[in-house]
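Data block below; observations after.
The values are calculated or read from the model by the stated rules, or taken from the named source; none is laboratory data. This is a predicted model, so every value here is computed, not measured. Cβ placement follows ideal geometry from the backbone for every residue including glycine, while neighbour counts extend to all protein chains displayed. Heavy atoms of the whole protein, side chains included, go into the accessibility calculation; ligands, DNA and RNA do not. Shrake-Rupley method; radii C 1.70, N 1.55, O 1.52, S 1.80 Å.
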Amino acid sequence: AAARGRGGEAMTEGWCSMTKVLGVSFGTKNGNNDSICKEALMGAVEEGCEVEFIRAMDLNIKHCTGCITCVKMLMSGQGNMCIHKDDFDWLFFKMAEADGIIMCDPIFETGASGLFHTIMDRFGPRMDTGNNVIATQIAEKIAAEGGKSKAPDPRIICPGKPVSYIGIGGSDWGTHVQSDHAIQSMTPTWKVIDNEWVPWSKRALLDDKVVARAHQIGVNLARAAKDPEHATYQGAEGVCPHCHANDFYLVPGTDKAICSVCGLEGHVSVVDGKIEVEYRHDECYDERGLFRAHDTAEGKQIHGEDIGRMEGELAQLQKGDEYKSRVAKYKAFIQPTMPPRD
């Protein structure tokens with residue numbers, strides 16, 4: 001999509017050095033998601049940014065099969081690859097090369113759309129910052145020892161990139177969408193600037209407050225993209241003091257609460273009629289003293305190491321006769337039913 005400057009003029013070559021903001025809509029062509037996303041991009045243009053627009057439904061994005069080929073390649077120092085040959089890599093590198101991203105997504109069953117989830121699934125574990133940092137270290141070690149290796153594309157490692165989300169709901173059912181969106185940002189360790197959801201979206205374009213808020217989200221994102229190091233969250237404060245999520249898993253029979261987004265663990269209490277979650281220092285750090293939130297560099301390192309260890313254990317188990325025997329038993333028990341084919 002061609003971007004235009006403040007006065008509506010087509011952008012010239014000189015704009016190429018400007019801060020670039022990418023808008024991605026997960027909705028239908030020229031629908032509310034497209035329009036609200038473009039309003040946010042107008043806010044970015046107002047701040048002097050170059051903008052680009054992508055409609056996710058125009059792309060061929062296949063589902064992750066869970067084959068773990070990407071993990072095996074990463075953890076063996078043999079690069080970063082996926083078995084699928086579709087538009088995902090093109091989309092990812094558009095995101096990776098932008099200075100900031102705005103995503104507009106229709107709400108499905110109180111959460112993110114299926115297409116958003118498909119793309120989110122393709123991000124991890126392949127595009128996980130921790131996995132790619134570890135894979136780079138493994139590749140460098142193999143090369144230093146005279147072996148053949150391949151490091152991941154360095155563009156994949158882009159932590160701290162500002163990203164904003166807008167969920168568009170047809171009713172007032174949207175209690176989970178902000179958490180779904182924030183979880184997507186954790187794989188590449190991007191920095192959430194705004195995480196908004198709009199109820200009753202059928203009339204959203206005629207609601208001046210909704211349009212103004214979308215515009216401001218674009219302004220906020222543009223400013224963050226210009227100075228990502230000092231960018232901060234601009235949305236409404238959430239219960240979780242770290243990621244601002246409001247979703248928690250309450251451990252049955254206890255007062256323990258685990259943030260459904262960043263995984264921070266705390267304890268529920270009621271103070272002056274207000275529910276609060278208290279976070280205790282000793283429960284937010286592991287035995288090595290590292291912060292355990294899933295979206296921190298330390299948390300990513302722990303997660304990446306855990307994945308590498310588990311994949312190594314699985315590889316050894318798969319070589320054993322007992323593992324092979326159990327797989328054979330279930331394979332022989334029943335085969336999947338398939339629809340008729342012409």
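Ignoring everything except DSSP H segments at least 4 long, calculate the 222 nm mean residue ellipticity for the chain; use -39,500 (n - 2.57) per segment, divide by total residues, nearest 500.
-11500 deg cm²/dmol
From the Cα gyration tensor of the range 173-263, with a ≥ b ≥ c the square roots of its eigenvalues, which class applies: rounded if a/c is under 1.5, or else prolate if a/b is larger than b/c, or else oblate?
In terms of gyration-tensor shape, oblate.
Counting heavy atoms of the protein chains only and a 1.4 Å probe, report the per residue accessible area for the range 291-339 as a whole number of Å².
Per residue, the range 291-339 has 79 Å² of solvent-accessible surface.
Taking loop as defined by DSSP and a crowding limit of 14 other beta carbons within 10 Å, which GluC sites (Glu not before Pro) in the range 120-210 fit?
145
Under 8 Å for C-alpha pairs, at least 6 residues apart: give me the relative contact order for the chain, rounded to a whole percent.
Normalised by residue count, the contact order of the chain is 16 percent.
Per residue, how large is the accessible surface of the range 174-236? Use a 1.4 angstrom probe and give square angstrom.
Accessible surface, normalised per residue, equals 48 Å².
Over the chain, with every protein chain in place, what whole percent of the accessible area is carbon and sulfur at 1.4 Å, could you tell me?
54 percent
Per residue, how many Å² of accessible area does the range 18-86 show with a 1.4 Å probe?
42 Å²
Pop a pseudo-label 7 angstrom from the Cα along the beta-carbon direction at both residue 90 and residue 323 and give the gap in nm to one decimal.
Each label point is offset 7 Å from its Cα along the Cβ direction, giving 3.8 nm.
Based on DSSP, what percent of beta bridges with both residues in the chain are antiparallel, to the nearest 5?
40 percent
Keeping all protein chains in position, work out how much accessible area residue 90 exposes to a 1.4 Å probe, and write it in Å² to the nearest 10.
Number for this one is 120 Å².
Summing +1 for each Lys or Arg and -1 for each Asp or Glu, what net charge is found among the other residues whose Cβ lies under 9 Å from the Cβ of residue 167?
Summing Lys/Arg as +1 and Asp/Glu as -1 gives -3.
Which three extents, in whole angstrom, do the alpha-carbon atoms of the chain cover along their principal axes, largest first?
Taking max minus min along each principal axis of the Cα atoms, the chain gives 69, 57, 54 Å.
If I model a spin label at residue 208 and residue 97 as a point 7 Å from the Cα along the Cα→Cβ vector, what separation in nanometres do I get?
Between residue 208 and residue 97, the label points sit 4.1 nm apart.
Mind running the shape call on the range 214-342? Use the C-alpha gyration tensor, a ≥ b ≥ c as the square roots of the eigenvalues: rounded below 1.5 for a/c, prolate if a/b tops b/c, oblate otherwise.
Cα axes put the range 214-342 in the prolate bin.
Under a GNM of the chain (C-alpha, springs under 10 Å), which listed residue has the highest mean-square fluctuation: 244, 176, 230?
In the Gaussian network model the winner is 230.
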